[in-house]
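Before any comments, here is the structure.
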Amino acid sequence: MIRKVTLLAVGALMGATAVSAVNSFGGSAEAAGSATYRQLAIFGNVFERVRAQYVTPPEEDKLIESAINGMLTSLDPHSSYLNQEAADDMRTQTRGEFGGLGIEVTMEDELVKVITPIDETPAARAGVLAGDLISEIDGEPVRGLSLGEAVDKMRGPVNTSIELTILREGADAPITLKVVRDIIAVKAVRSRVEGDVGYLRVISFTEKTYDDLSDAIEEITDEVGEDSLKGFVLDLRLNPGGLLDQAISVSDAFLDRGEIVSTRGRNPEETRRFNSRPGDLTGGKPVIVLINGGSASASEIVAGALQDHRRATVLGTRSFGKGSVQTIIPLDSSTALRLTTALYYTPSGTSIQGTGIRPDIRIEQPVPEELRGRVKPSGESELRGHIQGENEDEEGSGSIAYVPPEPEDDVQLGLALELLRGEKTDPAFPPNPDQAAVKN
């Protein structure tokens, strides 16, 4: 069921970007005209003037990088230049593993707070506990750092050590722990049993997603029993995307046949279609997909495929609406160009660029009073310079991206469970495969 394709999806803004990796330029674009070369000559002249006459000596590599980024960001929000650091970050995200400590963290009172140490990781073995506050990293204060900066300091090459100064409730003095970094594999899918229903939360689409999903479905089926299992909730909320080949495989896990997604570029011959293969990992059990304004690109591909084939009922609020494809073009051994080259389409031939996936059952998730006014709807259609979608209208795309931390407060999940158990009914559930909106 798993297939290898060159298309990827990587996080970009709130949306994810479908990406195709190529090794060299082989496009069919016409050569630039003489006026273009005159403009390039002007650019070279400006660069030399700045380099030679600016009030303080500028960093020439930063001048060039800024000029490249200026050119690319004028196209759309998802085309960009990847310097070595950005390219390394992208590779780390798509692998789903990195050299680090193995802790989930947040910020509290300008300190890094440990949500939980991951089992069997360096942090857990060193004695880091949930609720610990990290005040210093290798002797440097955490105060003044952003969460991202602190996380970057804790990541690093495998087998290198790091010293954490920890403030722990009940301890008389700060605790110093030495932790040796190791490879940390991030779970792409989290699962649990909700009585007689299997809950599958796809966090991101990394190289591990399909395998994690397959294992989770098997474990849930064994635990509940195939005859007792009422179905699955596939939670794609707050999922910004990831690898496109994994989005295809995840869709394929629930489908027996038919197209999953197509990509269409500048020229008709660049159209590519990706189809499912026989074999439904759930054995045809009912599926409800949860989406919201944080569901983008690769997660929209899955939701769109299952919705168009009427394999699943989509519940929640409108998704982000990220429907463009980017190509990763290596420039040298360490840098690359990310360039928008196509749009993707659901099996019905629909572009969701700037519109998003509309749920079959629309239900808002209430936002706590303390967050009202701070959590606002977001979507591709709001991004400055985004590509205008062929179906985009004034309504645009996206919605509020909020999921409560406690399942008992989650009204979207609650309704999904009630539908699967037959405690509530809705005309959209179960979906009728005979009404599949699939383009022949």
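The values are calculated or read from the model by the stated rules, or taken from the named source; none is laboratory data. Predicted model only: the values in this text are computed from it and were never measured. Neighbour counts are summed over all protein chains in view; Cβ atoms, including those assigned to glycine, are modelled from backbone coordinates with ideal geometry. Heavy atoms of the whole protein, side chains included, go into the accessibility calculation; ligands, DNA and RNA do not. Shrake-Rupley method; radii C 1.70, N 1.55, O 1.52, S 1.80 Å.
Go through the range 78-102 and report how many residues are assigned to a loop (DSSP other than H, G, I, E, B) and open to solvent by 40 Å² or more (accessible area, probe 1.4 Å).
1
Tell me which residues, restricted to the range 128-157, are in contact with a Gly (Cβ under 6 Å, 6 or more places away or on another chain) and open to solvent by 60 Å² or more (accessible area, probe 1.4 Å).
Those that are in contact with a Gly (Cβ under 6 Å, 6 or more places away or on another chain) and open to solvent by 60 Å² or more (accessible area, probe 1.4 Å): Arg155, Pro157.
I'd like the full set of residues that are farther than 23 Å from Thr209 by Cα and among the hydrophobic types (A, V, I, L, M, F, W, C), limited to the range 61-100.
Residues satisfying the conditions are Leu63, Ile64, Ala67, Ile68, Met71, Leu72, Leu75, Leu82.
Contact list please: Cβ distance under 6 Å, first residue in the range 145-171 and at pLDDT 90 or above, second residue aromatic (Phe, Trp, Tyr), pairs at least six apart or on different chains.
Close Cβ pairs satisfying both conditions: none exist.
Quick check: is even one residue across the range 137-156 part of a strand (DSSP E or B) and either closer than 26 Å to Glu207 by Cβ or polar (S, T, N, Q) (or both)?
no
Scan the range 211-220 and give yes if some residue there is on the phi < 0 side of the Ramachandran plot, within 13 Å of the chain's Cα centre (by Cα) and not aromatic (Phe, Trp, Tyr), otherwise no.
The answer is no; no qualifying residue exists.
Which members of the range 411-440 meet the condition of being part of a helix (DSSP H, G or I) and surrounded by 20 or more Cβ atoms within 10 Å (Cβ to Cβ)?
Selection gives Gln412, Leu413, Leu415, Ala416, Leu417, Leu419, Leu420.
Looking at (1) modelled with pLDDT of 95 or more; (2) in contact with a helix residue (DSSP H, G or I) (Cβ under 9 Å, 6 or more places away or on another chain); (3) not β-branched (Val, Ile, Thr), which is the one condition that is false for Ala296?
Among (1) modelled with pLDDT of 95 or more; (2) in contact with a helix residue (DSSP H, G or I) (Cβ under 9 Å, 6 or more places away or on another chain); (3) not β-branched (Val, Ile, Thr), Ala296 violates only (1).
Please work out which one of (1) touching a helix residue (DSSP H, G or I) at 6+ places or on another chain (Cβ under 7 Å); (2) open to solvent by 10 Å² or more (accessible area, probe 1.4 Å) is the condition Leu236 fails and give its number.
It fails just one condition, (2).
Which condition number in (1) open to solvent by 30 Å² or more (accessible area, probe 1.4 Å); (2) in contact with a helix residue (DSSP H, G or I) (Cβ under 7 Å, 6 or more places away or on another chain); (3) under 24 Å from His78 (Cβ atoms) is the one that Thr346 fails?
(1)
Taking the range 280-309 on its own, how many of its residues are open to solvent by less than 10 Å² (accessible area, probe 1.4 Å), touching a Gly at 6+ places or on another chain (Cβ under 7 Å) and in a loop (DSSP other than H, G, I, E, B)?
4
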